[in-house]
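The values are calculated or read from the model by the stated rules, or taken from the named source; none is laboratory data. If you're wondering where the values come from, they're calculated on a predicted model, not measured in any experiment. Counting neighbours? That spans all protein chains shown, and the Cβs are built from the backbone with ideal geometry, glycine included.
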There are 2 protein chains.
Amino acid sequence: MPRLVMKFGGTSVADIDRIRNAATKVKREIDAGYDVAVIVSAMSGKTNELVGWVDEASVAPGANRSGFFDAREYDSVVASGEQVTAGLMALTLQQMGIDARSWLGWQVPVKTSSAHGVARIEEIETEALDARFAQGTHAVIAGFQGISAEGRITTLGRGGSDTTAVAFAAALGAERCDIYTDVDGVYTTDPRITKKARKLDRISYEEMLELASLGAKVLQVRSVELAMAHKVRLAVRSSFSDEPGTLVCDEEEVMESNVISGVAYSRDEAKITLLNLKDTPGVAAGVFGPLAEAGVNVDMIIQNISEEGFTDITFSCPVDQVARAVKAMEDGKASGALGYEAMVTDEDVAKISIVGIGMRSHAGVASRMFEALSRENINIKVITTSEIKVSVLVDRKYLELAVQALHDEFELEKAG
Amino acid sequence: MPRLVMKFGGTSVADIDRIRNAATKVKREIDAGYDVAVIVSAMSGKTNELVGWVDEASVAPGANRSGFFDAREYDSVVASGEQVTAGLMALTLQQMGIDARSWLGWQVPVKTSSAHGVARIEEIETEALDARFAQGTHAVIAGFQGISAEGRITTLGRGGSDTTAVAFAAALGAERCDIYTDVDGVYTTDPRITKKARKLDRISYEEMLELASLGAKVLQVRSVELAMAHKVRLAVRSSFSDEPGTLVCDEEEVMESNVISGVAYSRDEAKITLLNLKDTPGVAAGVFGPLAEAGVNVDMIIQNISEEGFTDITFSCPVDQVARAVKAMEDGKASGALGYEAMVTDEDVAKISIVGIGMRSHAGVASRMFEALSRENINIKVITTSEIKVSVLVDRKYLELAVQALHDEFELEKAG
C-alpha cells in the first residue's frame, strides 16, 4: 500500500480535542488506502515549560544565568513532551477504530549523532515499522528525538519534528509528507501586508529555502533541505481546514510559470558601512572575523571597488546586534588591526526580496524590481543577488509600500 | 564504597525548589561517602494530569466511559512524568558540583513483565550503573517504570516508585533504602486521633505490612514485601526535616520490646451477615465466589459453628461496596444458588487493629484489648486474629475512643 507521512505541530495537538481533530485527518487518509506514519510535536507550550525547568534546575538559587547545562539531561527531559503526544495520538486513533501504536525515537530506532540538542539523524531503521505496517498497524512517531550510539535520548533542535517527518518520508518511501500547521500554505507574500497575497499551489524546494530563510516561517530550513536531497514531496497544510495547501516539490513538478513566486521581507535589519578602509589583502577577513567572534549574524555584504588603495565595506545584520558589531569594529580600530576612517550605522532599514526560479530564464527581473521601487520613490540602499533571488535594503518606513509595489509589478495575485 | 538508595516522592519533587531541597539531602550522603542511587517519582499532580489525558483520549466525545484503553500507550504517556523529574534531579545535582546522570527504565534496563500498568520487576541489570559508580557518577533513576521483553515501556502501578527503590537497593546491595516522603516516619497510631502518638524508631517488616494494609498509608505494601524478601533495610524519612525517621527492618534489629507496636484503624467499613445459611459443603465458595466476581473486597470473614445444618456467615467490606455485595447475595438467593433466611447489613462500623510481633511471645494480649474496650463500654461486633494482629469491628462512633483507649492500655507513648 502507498505510504503517507503526516506531521502535526504543537498547536495542532494542543489538547485532546485538537488531537482528535488531527486524528480525523489521519483516518481520512487511511480510509483512502494509505499506510500512515503520523509524526507529532509536543503539545504547544509544553516544550517551553520543560525548557524553563531545565534552565531553573541548572542555575544556583540567586545566581546569574550560568549558561551551563548537561545537554544529555536537557534532551531526556524535553523529549518527554513528544512522548506524551505520541501515546495520546495512538490512543485517539485506537478509539476511532484504527490499529495504531506509538514509537519513541529509541524504539524505532532513529539513530542520530551525539550532538545533544542539535543532533542529526544518521539512520532510521524501518524494519520494525515495516513489519507492523504489514500487519495493518499504523505508526505514531514522537518527533524531534532519536537515540545516540551511547544509548542516550537526543533531540534535533527546535522545529526538529519537521525534519523527523521528512526523514521518515524518505526512509519509508512515502508518496508525500504532509506538514499540518496553523497556516494553510505558502503565500506569495505576507497577507497582513497585502490582501492580494495568494496561496501558492506549488513551489520548488529552492524557492521555499529562500523564502524560509528570509522569514516566511512556515517550514524549518533543514527539513526543506532534507526534502530536496531525498526528493520528498512536502505539503504544507492547515490543521484547521480541509484545503489542499501548498506542495513543495521538484521544480519540474511546479506547473506555474510566474517568473517570481514570492516577495519576502525582514523588518528589523541594520546596515553598517566602514568608510575608507585600507584595501590590503585580508582586509575582509579582518572585518568579518571579529564580527563572527562577537556573534554577529552578518547577512548581506557589499564591497565597493577600490580607489587609490581605499575601499568601503557595507554589511547588514539584525538590528539588535548593532551594538555588538560596532564594539567589535571600534575595538579593531583601537588595536590597530582595522584601519578605517569612519563608520556609519543605519538602524532603520528593512530587507525586501523577490524569489523565483523563473529568474534563471528571464532577463531583466532585477531591473523591473528596481523600476517598480523607483516609481514609488523608494530609495534602494543595498542590493545583493543570487541565482533565484534579488534582495534590497530600503528605509524601514517603506517596507509595506515596497512589498505591495513588487507584488503588483510581478502580478503575483494571478496564478501563472 | 557503600551504596545508598534514596527515593523521593511526588510532593518532594513538586517544583525546582523542592528538587533542590532533595538534592541537598543527596549531597549530604555523598559527602558522607556513599555511592547514591536516587529514585524519583513524577512531580506531584503530573501523573494525574497525564492519566486524565489518557482517559480523555480513550473515550469518544460525548460517549460514556468506554473503560477501554491500550495499557501500552498509557504506560508510555504516564512514564514521561518520572523521565522529566529524573533529568531535572540530575541537572540539579550537577549544578551542585556532583557527577550524576539520569537513567530511564529502558536504559538501565529494568526488565519487567508485560503486564502493562501493573508490571512486576523481573530483573535489574546493574552492569552499566556499576561501571558509572566506579567512575564516580551517581545515578538518578526514573521510578515506577521498566521495559518489557517486547521493548515497550511498562509501569509498575500507583506507588510503584517505592518498589523501584527497594528493587534497586536489593540489586545494588545498598546499605539502606531511604524513602523520603511528606511524613517523618511511622507512628504508633494516627497523631490526629491522639497527641500521645509516638514516632517509632524501628519496626519490623511484618508489623509494617500489617500497618500499611490496615490504612497507615506510608509505604506501598508491595515495596515492604519486597524489602522483607531481600532483607533491604528501609527508612521512612521526611523530605522537609533532617530527622532520622523510622527504620523498617528485620525483627532481630528491632530493639524495642513493646508487645504492641501500633494501633491501626479503617474508618469506612461495613458488616454483612447471612443468617441461617444452609450448611452444605461448598457453602463458603457459594458466598464468596459471587462477591469476588462483583468486585467486592472482602476483608474479615467469620463463620459460626453449625447448628442443625444451618450456619451464619459474617463478612466485612468497604462501605461503598455494600450495594454491590447485597445485590450479589440477593441474585444468588433468587437463582436458588444460595439458601439463606435473612441478610443483615451494618454500614456504621470501623475496624480497629493492634499490631505487634511481641504478641507471639506474650499471652493475653487479645483479652487486654477486649477488656480495655469493655471499660469504655465499646461493644465488639466481630473479632479476627492473626499471628501478630488482633482486629475488631466496633460502631464507627467509637473509633477515636477505641484507638485512644488501646494506645493508653498498651502504653504506646513510651518507648519499650
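Below is a table of values for the structure above.
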{"quantity": "Test: residue in the stretch A:384-403 that is more than 22 Å from the chain's Cα centre (by Cα), over 19 Å from A:T273 (Cβ atoms), without any contact (Cβ under 8 Å) to a residue 40 or more places away in the chain and in the same structural domain as A:T311 (by TED's automatic domain parsing)", "calculated": "yes"}
{"quantity": "Selection from the stretch B:45-55 of residues that are at the interface with another protein chain (Cβ under 7 Å from one of its Cβ atoms) and either out of contact with any Ser or Thr (no Cβ under 9 Å at 6 or more places or on another chain) or over 20 Å from A:A100 (Cβ atoms) (or both)", "calculated": "B:W53, B:V54"}
{"quantity": "Test for B:S102: is it facing another protein chain (nearest Cβ under 8 Å), assigned to a strand (DSSP E or B), in contact (Cβ under 8 Å) with a residue 40 or more places away in the chain and on the phi < 0 side of the Ramachandran plot", "calculated": "yes"}
{"quantity": "Single match in B:S257, B:S261, B:S239 (criterion: under 20 Å from the mean Cα position of the chain (by Cα) and more than 22 Å from B:W103 (Cβ to Cβ))", "calculated": "B:S261"}
{"quantity": "Restricting the stretch B:12-47 to residues that are among the acidic types (D, E) and touching a residue at least 12 places away in the same chain (Cβ under 8 Å), the residue that is farthest from B:F133 (Cα to Cα)", "calculated": "B:D15"}
{"quantity": "Qualifying residue in the stretch B:370-379 (condition: farther than 29 Å from B:N276 by Cβ and at pLDDT below 90)", "calculated": "no"}
{"quantity": "Test: A:M1 is part of a loop (DSSP other than H, G, I, E, B) and closer than 24 Å to B:S58 by Cβ", "calculated": "no"}
{"quantity": "Single match in A:I141, A:I124 (criterion: more than 24 Å from A:E243 (Cα to Cα), surrounded by 22 or more Cβ atoms within 10 Å (Cβ to Cβ) and assigned by TED's automatic domain parsing to the domain that holds A:A22)", "calculated": "A:I141"}
{"quantity": "Test: residue in the stretch A:199-220 that is polar (S, T, N, Q) and more than 21 Å from A:I39 (Cα to Cα)", "calculated": "yes"}
{"quantity": "Residues that are among the hydroxyl-bearing types (S, T, Y) and closer than 16 Å to A:Y180 by Cα, drawn from the stretch A:17-61", "calculated": "A:T24, A:S41, A:S44"}
{"quantity": "Selection status of B:A60, in the same structural domain as B:R101 (by TED's automatic domain parsing), buried (at least 22 other Cβ atoms within 10 Å of the Cβ) and in a loop (DSSP other than H, G, I, E, B)", "calculated": "no"}
{"quantity": "Failed item, numbered, when A:V77 is tested on (1) closer than 28 Å to B:V54 by Cα; (2) among the β-branched types (V, I, T); (3) more than 12 Å from chain B (Cβ to nearest Cβ)", "calculated": "(3)"}
{"quantity": "Filtered residue count, the stretch B:80-93, keeping only those that are within 7 Å of chain A (Cβ to nearest Cβ) and over 24 Å from the mean Cα position of the chain (by Cα)", "calculated": "6"}
{"quantity": "Helices (runs of 4 or more DSSP H) lying entirely in the stretch A:175-294 (those with 1 or more residues that are free of Cβ contacts under 8 Å to residues at least 60 places away in the same chain, β-branched (V, I, T) and not assigned by TED's automatic domain parsing to the domain that holds A:I30)", "calculated": "A:221-230, A:283-293"}
{"quantity": "Residue within the stretch B:137-150 that is among the small types (G, A, S) and out of contact with any strand residue (DSSP E or B) (no Cβ under 9 Å at 6 or more places or on another chain) present", "calculated": "no"}
{"quantity": "Residues of the stretch A:334-368 that turn out to be modelled with pLDDT under 90, of a type in the set (S, T, N, Q) and buried (at least 16 other Cβ atoms within 10 Å of the Cβ), as a count", "calculated": "0"}
{"quantity": "Any hit, the stretch B:129-142, residues being closer than 20 Å to A:G87 by Cβ, within 12 Å of chain A (Cβ to nearest Cβ) and either of a type in the set (A, V, I, L, M) or under 25 Å from the mean Cα position of the chain (by Cα) (or both)", "calculated": "yes"}
{"quantity": "Test for B:A169: is it in contact with a strand residue (DSSP E or B) (Cβ under 6 Å, 6 or more places away or on another chain) and either aromatic (F, W, Y) or assigned to a loop (DSSP other than H, G, I, E, B) (or both)", "calculated": "no"}
{"quantity": "Residues being assigned to a loop (DSSP other than H, G, I, E, B) and in contact (Cβ under 8 Å) with a residue 60 or more places away in the chain - total across the stretch B:132-155", "calculated": "3"}
{"quantity": "Some residue of the stretch A:324-343 being touching a Ser or Thr at 6+ places or on another chain (Cβ under 6 Å) and aliphatic (A, V, I, L, M)", "calculated": "no"}
{"quantity": "Test: residue in the stretch B:71-79 that is touching a strand residue (DSSP E or B) at 6+ places or on another chain (Cβ under 8 Å), part of a loop (DSSP other than H, G, I, E, B) and surrounded by 24 or more Cβ atoms within 10 Å (Cβ to Cβ)", "calculated": "yes"}
{"quantity": "Subset of the stretch A:144-160 that is away from every other protein chain (no Cβ under 14 Å) and surrounded by fewer than 20 Cβ atoms within 10 Å (Cβ to Cβ) - its residue that is nearest to B:L104 (Cα to Cα)", "calculated": "A:G157"}
{"quantity": "Tally, over the stretch B:1-39, of residues that are touching a helix residue (DSSP H, G or I) at 6+ places or on another chain (Cβ under 7 Å) and within 12 Å of another protein chain (Cβ to nearest Cβ)", "calculated": "7"}
{"quantity": "Filter result (more than 9 Å from chain B (Cβ to nearest Cβ) and either among the basic types (K, R) or not in a strand (DSSP E or B) (or both)) within the stretch A:105-119", "calculated": "A:G105, A:V108, A:P109, A:K111, A:S113, A:S114, A:A115, A:H116, A:G117, A:V118, A:A119"}
{"quantity": "The one condition in (1) surrounded by 16 or more Cβ atoms within 10 Å (Cβ to Cβ); (2) in contact with an Asp or Glu (Cβ under 7 Å, 6 or more places away or on another chain); (3) more than 30 Å from A:K414 (Cα to Cα) that A:I272 fails to fulfil", "calculated": "(2)"}
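Here's the yes/no breakdown for (1) of a type in the set (A, V, I, L, M); (2) modelled with pLDDT of 90 or more:
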position	(1), (2)
A:S238	no, yes
A:C249	no, yes
A:G262	no, yes
A:T273	no, yes
A:A292	yes, yes
A:G295	no, no
A:S306	no, no
A:G309	no, no
